[in-house]
1. Determine whether G50 is at pLDDT below 85, part of a helix (DSSP H, G or I) and small (G, A, S).
2. Before we move on, is I38 within 16 Å of the chain's Cα centre (by Cα), open to solvent by 90 Å² or more (accessible area, probe 1.4 Å) and aliphatic (A, V, I, L, M)?
3. Determine which single condition D29 fails, assuming it passes every other condition in (1) in a helix (DSSP H, G or I); (2) open to solvent by less than 80 Å² (accessible area, probe 1.4 Å).
4. Restricting attention to the range 60-82, does a residue exist that is at pLDDT 80 or above, within 28 Å of the chain's Cα centre (by Cα) and of a type in the set (D, E)?
Amino acid sequence: DRRREALATASPIQPIIKDVGEIYSRLLDHRPVIQGEIRYFVKEFEEKRGLRELRVLENLKNTIFETNEHVLPKCEQAMHDNLNEAIKR
């Protein structure tokens, strides 16, 4: 009988408990907001990182091209000239 009485008296409290649970989840449970912020941060970080890495690769490509086209031939010519001079001596 006590259980039935407890259930009968608990039924008017059920909506209050439900409301308290909703209030708690809205005011104190920040997981949905934090998860959204984390997703936004990761997306922004990956995009900015991707652009930065793309710029680094582009600069590296330009440096390699400049080295192959200009610096390497000058070095080869200087080496040839100095080597020929050394052989003549």
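1. yes
2. It is true that I38 is within 16 Å of the chain's Cα centre (by Cα), open to solvent by 90 Å² or more (accessible area, probe 1.4 Å) and aliphatic (A, V, I, L, M).
3. (1)
4. No.
The values are calculated or read from the model by the stated rules, or taken from the named source; none is laboratory data. On a predicted model such as this, the values are computed, not experimentally measured, just so you know. The accessibility values were calculated without ligands, DNA or RNA, using every heavy atom of the protein model including side chains. Shrake-Rupley method; radii C 1.70, N 1.55, O 1.52, S 1.80 Å.
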